[in-house]
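Read the structure below first, then the notes.
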């Protein structure tokens, strides 16, 4: 029984992509309401991104918007 659990974990690790170079893990605590809003919004995307990917997209968009506003 214990080895079966181990085998499942090994298979899951093999399916994960290796971390991209020049990245750093970030731990972030958010209010439950914000997590729910992120989940609602990501479900409207055609490709239904993961939470971390949706947060990346939101940050890229925000950085672009604030950079454009600063240039004006």
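So here's what we get for this one:
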{"item": "Whichever residue in segment 46-56 is free of Cβ contacts under 8 Å to residues at least 12 places away in the same chain and on the phi < 0 side of the Ramachandran plot and, among such residues, is surrounded by the most Cβ atoms within 10 Å (Cβ to Cβ)", "result": "49"}
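Listed here are the residues, each with its yes/no results for (1) over 14 Å from the mean Cα position of the chain (by Cα); (2) assigned to a helix (DSSP H, G or I); (3) exposed (fewer than 12 other Cβ atoms within 10 Å of the Cβ); (4) modelled with pLDDT under 95.
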| residue | (1), (2), (3), (4) |
| --- | --- |
| 20 | no, no, yes, yes |
| 26 | no, no, yes, yes |
| 30 | no, no, no, no |
| 33 | yes, yes, yes, no |
| 38 | no, yes, no, no |
| 44 | yes, no, yes, no |
| 65 | yes, yes, yes, yes |
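The values are calculated or read from the model by the stated rules, or taken from the named source; none is laboratory data. All values reported here derive from a predicted model rather than from experimental measurement. Note: ideal-geometry Cβ built from the backbone for every residue, glycine included; neighbour counts use all protein chains shown.
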